[in-house]
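Following: one structure in structure tokens, then a few remarks.
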Amino acid sequence: MKPDLLQELHGILGDKGILTGADVHEGYYTDARGTGDVKPQAVLRPASTEEMSQVLAACHAAFQPVVLQGGLTGLVVGARPQEGEIAISLERMNRVESIDTDAGTITVQAGTPLQVVQEAADAHDMVYPLDLGARGSASIGGNLSTNAGGNRVIRYGMTRDLTLGLEAVLADGTVVNSLNGYIKNNTGYDLKQLFIGSEGTLGLITRATLRLYPKPKTQVVAFCAADSFDAVRELMAHMRAGLGADLSAFEVIWSKTYDVILSDVPGIRAPVPTGHAFYILIEMMGSDPISDKGKFEACLAQALEGGMIADAVLSRSNAEIDAFWDVRDGMAHAMGNQRPATGFDISLSVADMENIEEELLTRLQAALGPSRLFIGGHLADGNLHLVAKAITDGPQPSDAIQDIVYGWVGEVGGSISAEHGIGTLKRAHLGQSRSPAEIALMRTLKHAMDPRNILNPGRVIAWSTNDPDQT
Ligand SMILES: Cc1cc2nc3c(=O)[nH]c(=O)nc-3n(C[C@H](O)[C@H](O)[C@H](O)COP(=O)(O)OP(=O)(O)OC[C@H]3O[C@@H](n4cnc5c(N)ncnc54)[C@H](O)[C@@H]3O)c2cc1C
């Protein structure tokens, strides 16, 4: 970094707003995947949109690349600094600005942790329905820029569906304010969509207006077992038809994954015995305390009678609801325990899920010898998480595993990233989910909006078609 740029940035941000030397601790180059090799030369901590704008204008003028950082919980290595970059942290833009209960909206600064937003909504008897395991650290800006999903997408949608307006700063410091709270607003291009899901490559999100919903009055959860994929599919259609919009989660765990959750996650008790092919968590959130539970029970009883379920247990208390969810959430822990292994977050049609275990294991074993595969996820969203590993004493052949899994996902027209994004980790595989014309259009947008390639360079797409990673 040029010394006069550092001086200029210091002039904009003051002592509190810029960290250098020993003050740049490991937290600024460590994300959910681990600690990076590159310590940024400086961390900028602007406290307002105005400061963000001035900082980016200065970096743009100096051709200085920057990496944007929220809570650093991202899973695709997008926020970790690379050589020559300085970091811009949103950590000082962390306030809830206003709540409008009439409109059902909340306006927050982008560095606000997700959990703070959830709690602010709860205090007004409303719910901000995005929820994920990293809620305490993940920021709203990070959620928006990765279009985060989570557990209740089936009912409320992804972050994109929860965002009414936002404010962003472009690479040259221009502030684009699309911060309105309207559900209907057909006034030309929907510019906020450029920033949602583009992982900080097209602009820096500074504020957002998000949708709130009335807090559900009832919550019932069942933990079920089924003996065939056909039964699972039939069960999903049945619960959807019976519960309508009140169906808030339909999560499926493949049997080998259930076994390792039970054996590896401390404090977990099996809600239903092992020995079945699939385990399903079904949740209903409704608004009628008198009839909701009966409606849910009746649906489940019909499923039992119809042979869709081999076993089932219904929650009788909040503690049991938490215990059932602990089993589902234990999947991340159990899959993490398989390390060294290769993880995936894919979307595909429910029809293609039927043979996924057999199909992928056959391919993995043919290429790599004995292998293991663990599967589970948000079936109703068409989103599965997988962990694959070769049984070997040597290093894991993760490139070969990725080629096999992504190759198959490409063949069935699936997506190589359902909810975690692309970052740097999946960039080389983007072409397995997006066509050359789509990638070319992404590059056109990048070149137009960030002509000096200073915003999160190298994330999502390569700058040039000459890059061997992505042409
Ligand atoms: C335990 C655990 C569970 C998780 N569960 C889920 C899940 O269920 N569903 C899901 O979708 N994800 C999940 N994630 C992934 C992660 O939490 C999300 O991607 C989250 O949205 C990232 O937010 P963050 O603030 O940590 O972003 P960061 O990690 O800091 O950044 C992520 C990306 O966004 C960019 N960025 C950050 N802030 C801004 C901004 N203000 N403007 C523009 N770009 C910005 C960064 O440069 C980077 O490219 C999980 C992660 C963990 C560790």
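The values are calculated or read from the model by the stated rules, or taken from the named source; none is laboratory data. Since the structure is predicted, the reported quantities are computational estimates derived from the model, not experimental observations. Reconstructed Cβ throughout: ideal geometry from the backbone, glycine too, with neighbour counts over all protein chains shown. Heavy atoms of the whole protein, side chains included, go into the accessibility calculation; ligands, DNA and RNA do not. Shrake-Rupley method; radii C 1.70, N 1.55, O 1.52, S 1.80 Å.
A few remarks follow.
- Answer residue from the stretch 71-114, given it is more than 15 Å from the ligand (Cβ to nearest atom) and polar (S, T, N, Q) and is farthest from Ala462 (Cα to Cα) among those: Thr101
- Options Met308, Met331; residue that is open to solvent by less than 50 Å² (accessible area, probe 1.4 Å) and in contact with a Gly (Cβ under 9 Å, 6 or more places away or on another chain): Met331
- Qualifying positions in the stretch 5-26 - surrounded by 10 or more Cβ atoms within 10 Å (Cβ to Cβ) and of a type in the set (D, E, K, R): Glu8, Asp23
- Positions within the stretch 131-176 being more than 9 Å from the ligand (Cβ to nearest atom), crowded, with 19+ Cβ neighbours inside 10 Å, in a loop (DSSP other than H, G, I, E, B) and under 19 Å from the mean Cα position of the chain (by Cα), in sequence order: Arg152
- Residues in the stretch 56-70 that are open to solvent by less than 30 Å² (accessible area, probe 1.4 Å) and within 21 Å of Glu91 (Cβ to Cβ): Leu56, Ala58, Cys59, Gln64, Val66, Val67, Leu68, Gln69.
- Residue match in the stretch 241-253 (condition: open to solvent by 10 Å² or more (accessible area, probe 1.4 Å), of a type in the set (A, V, I, L, M, F, W, C) and farther than 30 Å from Leu164 by Cβ): yes
- Checked against (1) within 30 Å of Asp125 (Cβ to Cβ); (2) in a helix (DSSP H, G or I); (3) in contact with a His (Cβ under 9 Å, 6 or more places away or on another chain), Lys293 passes all but condition (3).
- Residues within the stretch 48-70 that are hydrophobic (A, V, I, L, M, F, W, C), within 11 Å of the ligand (Cβ to nearest atom) and in a loop (DSSP other than H, G, I, E, B), tallied: 0
- Residues of the stretch 78-103 that turn out to be in a loop (DSSP other than H, G, I, E, B), buried (at least 20 other Cβ atoms within 10 Å of the Cβ) and of a type outside the set (Asp, Glu), as a count: 6
- Test for Asp190: is it out of contact with any Leu (no Cβ under 7 Å at 6 or more places or on another chain), of a type in the set (Asp, Glu), within 21 Å of Met442 (Cα to Cα) and not in a helix (DSSP H, G or I): yes
- When residues of the stretch 418-465 are limited to those that are more than 14 Å from the ligand (Cβ to nearest atom) and among the charged types (D, E, K, R), the one nearest to Ala380 (Cα to Cα): Arg434
- Any hit, the stretch 215-234, residues being at pLDDT 95 or above, within 16 Å of the ligand (Cβ to nearest atom) and in a loop (DSSP other than H, G, I, E, B): no
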